[in-house]
Amino acid sequence: DTTGLTFHGDSLVRCTIENEVSRLRVSTAAHHEIVLELPDLHDAHDVLVFESAYYVVSTGRNRVIKLGLTGALERVYEFPGMDDAWHLNCLAVLNQRVVVTAFGRFEAHRGYKNQSLNGGFLMDLESGAQLWSGLSQPHTPFADGDRLLICDSETKRLLAKTADGQVRATSFEGYPRGIAVSGGLIYVGLSCSRNLDTSAFSANAVIVALDRETIEPSHSIELPFREVYAVVPIPE
């Protein structure tokens, strides 16, 4: 039920969708949980903690919500089109700016259906400027030093873009979503897709480990379920 996962200090922060109700959950190391139900949070698709605020993606409302750490609403970033027109999804911080991925600029509800190939992008949340365009169902932007990683999920690839604009791609059989880096490895979640042909893929989701330098697969770990949304290292 988790569609967004991060740590803030000793707390685990999650977005969940249960019976079509989206919630923000903050669980502390002392096993205390705060649950926030937000009227504008529909089809939650990611959460980020940055500069003493929660940023939560409300995909179903085509917006990103900013909350104070007490849960007080601070700002709503709303984008054109009907509900879920752009399919906003994953958040990250690049160069001290909050960024978000989207499947494309559409007007109609779920207008991206069968129209998302090369239409997706990564954008600066505050200015709306596109930072990387021509993507296909992008997820999980991740800054790895001076290199930017992103899951180009529809083409089933991990893309790595260097500071000089060179792009390197690694292809998979599954639907990539979720990136973590630990030591000399990059971990990528691969799911059985609901929309693409992944029949050649495993019956279950896997985490694939790739060499951090070559971006070539090293080994994989099969999981007892079909989809991965996020991969996050546990803080020491």
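The values are calculated or read from the model by the stated rules, or taken from the named source; none is laboratory data. From a predicted model like this one, the values you see are computed outputs, not experimental measurements. Neighbour counts run over all protein chains shown; Cβ positions are idealised from the backbone, glycine included. For the accessible areas, the whole protein counts, side chains as well, though only heavy atoms, and no ligand, DNA or RNA atoms are used. Shrake-Rupley method; radii C 1.70, N 1.55, O 1.52, S 1.80 Å.
A few points about this structure:
- Residue that is surrounded by the most Cβ atoms within 10 Å (Cβ to Cβ) [pool: residues in segment 138-193 that are closer than 22 Å to Arg105 by Cα and among the basic types (Lys, Arg)]: Arg177
- Matching residues, segment 53-76, being over 16 Å from Arg25 (Cα atoms) and without any contact (Cβ under 8 Å) to a residue 40 or more places away in the chain: Thr59, Gly60, Arg61, Asn62, Arg63, Glu74, Arg75, Val76
- Check on Ser127, part of a loop (DSSP other than H, G, I, E, B), more than 26 Å from Ile215 (Cα to Cα) and without any contact (Cβ under 8 Å) to a residue 40 or more places away in the chain: yes
- Note on segment 43-75: residues that are β-branched (Val, Ile, Thr), at pLDDT 95 or above and open to solvent by 20 Å² or more (accessible area, probe 1.4 Å) amount to 1.
- Just one of (1) part of a loop (DSSP other than H, G, I, E, B); (2) over 18 Å from the mean Cα position of the chain (by Cα) fails for His219. It is (1).
- So Thr6, is it among the hydroxyl-bearing types (Ser, Thr, Tyr) and in contact with an Asp or Glu (Cβ under 6 Å, 6 or more places away or on another chain): no
- Cβ separations smaller than 7 Å between residues 6+ apart or across chains give the following pairs from segment 8-20 residues that are modelled with pLDDT under 95 and among the polar types (S, T, N, Q) to residues that are in a loop (DSSP other than H, G, I, E, B) and open to solvent by 50 Å² or more (accessible area, probe 1.4 Å): Thr16/Asp1.
Residue-wise test of (1) small (Gly, Ala, Ser); (2) in contact with a strand residue (DSSP E or B) (Cβ under 7 Å, 6 or more places away or on another chain); (3) within 24 Å of Gly4 (Cα to Cα); (4) at pLDDT 95 or above.
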site: Phe142; (1), (2), (3), (4): no, yes, yes, yes
site: Leu149; (1), (2), (3), (4): no, yes, yes, yes
site: Thr155; (1), (2), (3), (4): no, no, yes, yes
site: Leu159; (1), (2), (3), (4): no, yes, yes, yes
site: Glu173; (1), (2), (3), (4): no, no, yes, no
site: Ser182; (1), (2), (3), (4): yes, no, yes, no
site: Leu185; (1), (2), (3), (4): no, yes, yes, yes
site: Gly189; (1), (2), (3), (4): yes, yes, yes, yes
site: Asn195; (1), (2), (3), (4): no, no, yes, no
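- Flag for Asp40 being farther than 16 Å from Val232 by Cβ and open to solvent by 20 Å² or more (accessible area, probe 1.4 Å): yes
- Gly111 vs. criteria modelled with pLDDT under 95 and either charged (D, E, K, R) or open to solvent by 40 Å² or more (accessible area, probe 1.4 Å) (or both): no
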